[in-house]
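Report on one structure; see the data block that follows.
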Amino acid sequence: MFKNVKKEDIVTVLTELGETVNIGMKMGDLKQKLLTNKEYLEDAQFVKDFLISTVENRKKEEENRKQQEKMREEEIQREERRIEREHEMELARIRTTRNDENRSPPPSVTRNGDGDISLDKLIKGMEILTVPVPRKTESWNLFFDSLERAYKHKKVPEEFQAEILLKLLGDKASNVLVYIKEEDLKNYAKVKALILKEFEPTPQACLENFRKAKRNSGETHIQFVSRLTSTWEYYCKLRKVQDYESLKELIISDKLFQALDNDTASRICLKQGEKWLRPQELAKECDIYFGAKQKSFDEPRNDLRRTFSSEKYVPPSSEKRNFKKG
């Protein structure tokens, strides 16, 4: 009766039979609950048939998901092969042109499309190979990862990388062009740094995005894990964590910060600024603040959930305040 049956199958059947169960229960307990169910005792064959049907439906759904995933992967592979073929054909055309012109100068990138490889074609190729320009602040690392892989794949000359980036940004580029010097407009590294300074999330907002992340509709678990990994690595990069000891301390500091009441957390945000405090240093600052504010260590922490803006924190202007001594 229970051959090829999974917990989820028994949970589905028991739920339909009016039992209150969940997937976290042990398999043995679920089986026992089914065998002692009133419907099973009255008509065992009906329940067995229902269970068999549930298993078959689950297998069909699993098979359909596998087929859909396989089709998506095949579509991606076909698109990659198509792009690769186009690239190879372009290179072959360039080589043929060179031979016909009897060792003419190497192919160059031109803006009007009359040369061997036009800038417009490169931009179009980057749009295909790169994820869309982010709408969410936490997605900029994914955007630059895909863009730089595309640059490498297409062998884009450094002198055109900044210009292509600004073309891809479209309207967002206007925010960057206000601050950048004219001589830096062709410097990809400087343009990228300015974009990240303008749009990237704060480390704390990046951590909150990681904690709140959910699998999107149509997103496979593998894709979700890839997105989680990228977000976590980006957070570690923002925190400048590169070794195990620093990672351990960061996790502990983040946990302590998460447990703070809002008042103390705001104080710590002001204290640490763009950086982060190591666990012992953070704990010391919290204890000092508790002492200064005469807070009791017996008080429970504030369980209100805090959210963090992706905007850079700008402290309020200093104001003179008079405090009455108690």
Does at least one position in region 276-286 carry a residue that is modelled with pLDDT of 85 or more, of a type outside the set (Gly, Ala, Ser) and under 25 Å from Phe199 (Cβ atoms)? yes
Criterion (part of a loop (DSSP other than H, G, I, E, B) and either at pLDDT below 90 or of a type outside the set (Lys, Arg) (or both)) met by exactly one of Leu260, Leu256, Leu228, Leu250: Leu260
Residue hits (region 6-22; surrounded by 11 or more Cβ atoms within 10 Å (Cβ to Cβ) and more than 12 Å from Phe50 (Cβ to Cβ)) are Lys6, Lys7, Glu8, Val11, Glu19, Val21
Answer yes or no: is there a residue in region 23-46 that is of a type in the set (S, T, N, Q), loosely packed, with under 11 Cβ neighbours inside 10 Å and closer than 29 Å to Gly218 by Cβ. no
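The values are calculated or read from the model by the stated rules, or taken from the named source; none is laboratory data. In this text, all values refer to a predicted model and were calculated from it rather than measured experimentally. Note that we place each Cβ from the backbone using ideal geometry, even for glycine, and neighbour counts take in every protein chain shown.
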